[in-house]
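Take a look at the structure below.
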Amino acid sequence: MNTIRSTKYGLIEDPIAAALVIKAHTGETISFEAMSSEEENQFLATLVRQFAVDYGYISGWKLLVDATPNILHPRLMEDVATAASVYGRLKAGIRSCPPSKLRMSVGSKSTYESIYQVGPKSLGGNVWKTKKEYKGFMEDPG
């Protein structure tokens with residue numbers, strides 16, 4: 001797992017590009033020329049934190065991703081923005097449906113012998129859809 005243990009390690013690979021991103025997000029002109037790598041990172045962390053407080057956590061993450069694309073892939077923010085947009089539009093249904101008999105739990109192994117336990121999505125969490133129990137339930141959920 002990649003963990004940032006200290007701001008001493010360089011997050012900003014391209015200070016000029018990072019300064020342009022910060023200007024685009026905040027309107028402020030920043031120069032990293034006189035700053036050490038640690039000072040750059042502390043400045044960016046403070047700016048991201050304040051941006052998140054002022055405009056929401058997704059905006060803060062977006063600023064971080066745009067300023068340091070070597071750490072978090074920009075596609076991540078596209079996915080987060082999509083998820084936040086969809087989540088904001090979710091509403092409770094007007095019809096009440098009776099609960100089904102299907103029960104599941106997510107475990108740490110990639111495969112299980114039961115349809116009631118599935119592996120984490122990062123390990124191919126759709127494998128359970130190929131199980132005969134799932135197919136049978138989909139044919140007759142009652």
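Annotations
- Per-selection Kirkwood Rh - segment 45-95 (Cα, Å, 1 d.p.): 12.0 Å
- Computed over segment 16-57, the Cα gyration tensor eigenvalues convert (square root of 5λ each) into semi-axes of 18, 13, 6 Å, ordered from largest to smallest.
- Spread of Cα-to-Cα distances over 5 Å intervals beginning at zero, given as percent, for segment 9-116: 2, 10, 15, 16, 12, 9, 8, 8, 7, 6, 4, 2, 0
- Accessible surface of segment 59-116 [probe 1.4 Å, protein heavy atoms]: carbon and sulfur percent: 59 percent
- Close amide H pairs (under 5 Å, H built 1.01 Å from N) link residue 118 with 105, 106, 107, residues at least 5 positions away or on another chain.
- Packing-based order for 58-68, 27-37, using average beta carbon neighbours within 10 Å, highest first: 58-68, 27-37
- Approximate spin-label separation residue 135-residue 92, in nm, with each point projected 7 Å along Cα-to-Cβ: 3.9 nm
The values are calculated or read from the model by the stated rules, or taken from the named source; none is laboratory data. Fair warning: this is a prediction, and the values are worked out from it, not measured in the lab. Note that each Cβ is placed from the backbone with ideal geometry, even for glycine, and that neighbours are counted across all protein chains shown. These accessible areas exclude ligands, DNA and RNA; they are computed on the full protein's heavy atoms, side chains included. Shrake-Rupley method; radii C 1.70, N 1.55, O 1.52, S 1.80 Å.
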